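Engineer: One structure is given below, represented as structure tokens, and several questions about it will come after.
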């Protein structure tokens, strides 16, 4: 009789564990963060192209492009933009593009000194612009697309020296976000190189 009476009591914890296991939520995906690390230019100018100090402003960006989640579109519908939920840049694109562009211009020897507004230097020129596209393109052929509008302003007379759009694409082997992040670095290097080339050819003064 004792064994029969104890059996329901023993079974209750087992049933509770089964019920809890059935109600347990699946583990959420982990966030993945990506740095922007644009390859530096191969050769620097022997003499600065711009006399004085050039200040790189934070670039403007609209909507999803201004936010940290990686943005993607589909090859057959590039008008519609979407965001990843768990794949993010370590900072918002306007901030990291500003940082990488200032580093690139300094390495290229474009000016005597390249700064950002946080350094509170008195600049002679400003680099201004806007991020137009900064996205992965999903679907064959896999790839990424980057488009920046960049310009140089001469501060002594508020003259717009020039302003142009720069576009670059890179094909990728797959649609993985990590692959896209690496390809965006390469595409951005092409855009920066075009901007530097224009500064040199125009002989900005």
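Values in this text are rule-based calculations from the coordinates and carry no lab data. Everything numeric here is computed off the predicted structure, so don't read it as measured data. So basically every Cβ, Gly included, is an ideal-geometry build from the backbone, and we count neighbours across all protein chains shown.
Engineer: Could the peptides 160-166, 35-41 be put in order, highest first, of the mean number of other beta-carbon atoms found within 10 Å of their residues? Display every interim value, and only then the final one.
Structural biologist: Working: 160-166: 14.3, 35-41: 16.0.
Those peptides, ordered most packed to least, come out 35-41, 160-166.
Engineer: Binned at 10 Å from 0, what are the whole-percent values of the Cα-Cα distance distribution for region 42-83, short to long?
Structural biologist: 20, 28, 18, 26, 9
Engineer: Then there is this: From the P(r) of the chain, can you give the percent of Cα pairs sitting at distances over 32 Å?
Structural biologist: 34 percent
Engineer: Starting from the Kirkwood Rh over alpha-carbon pairs, what translational D in µm² s⁻¹ does region 125-205 have by Stokes-Einstein at 37 °C and 0.692 mPa s?
Structural biologist: On the way: Rh = 13.7 Å.
Diffusion coefficient, whole number: 240 µm²/s.
Engineer: If you count the DSSP beta bridges with both ends in the chain, what percent of them are antiparallel, to the nearest 5?
Structural biologist: In the chain, approximately 65 percent of DSSP beta bridges are antiparallel ones.
Engineer: Give me the angle, in degrees from 0 to 90, between the Cα long axis of helix 177-202 and the longest principal axis of the Cα atoms of the chain, rounded to the nearest 10.
Structural biologist: With rounding to tens, the tilt is 10 degrees.
Engineer: Sticking with this one: Can you check how the C-alpha radius of gyration of region 84-135 compares to 2.2 N^0.38 Å, as a plain ratio?
Structural biologist: The value comes to 1.35.
Engineer: What ranking, highest mean first, results for peptides 187-195, 88-96 when packing means the other Cβ atoms within 10 Å averaged over each residue?
Structural biologist: So the peptides 187-195, 88-96, ranked by packing, come out 187-195, 88-96.
Engineer: Now for a separate question. Contour minus end-to-end for residue 173 and residue 160, with contour as 0.36 nm per residue of separation and end-to-end as the Cα-Cα distance?
Structural biologist: 0.6 nm
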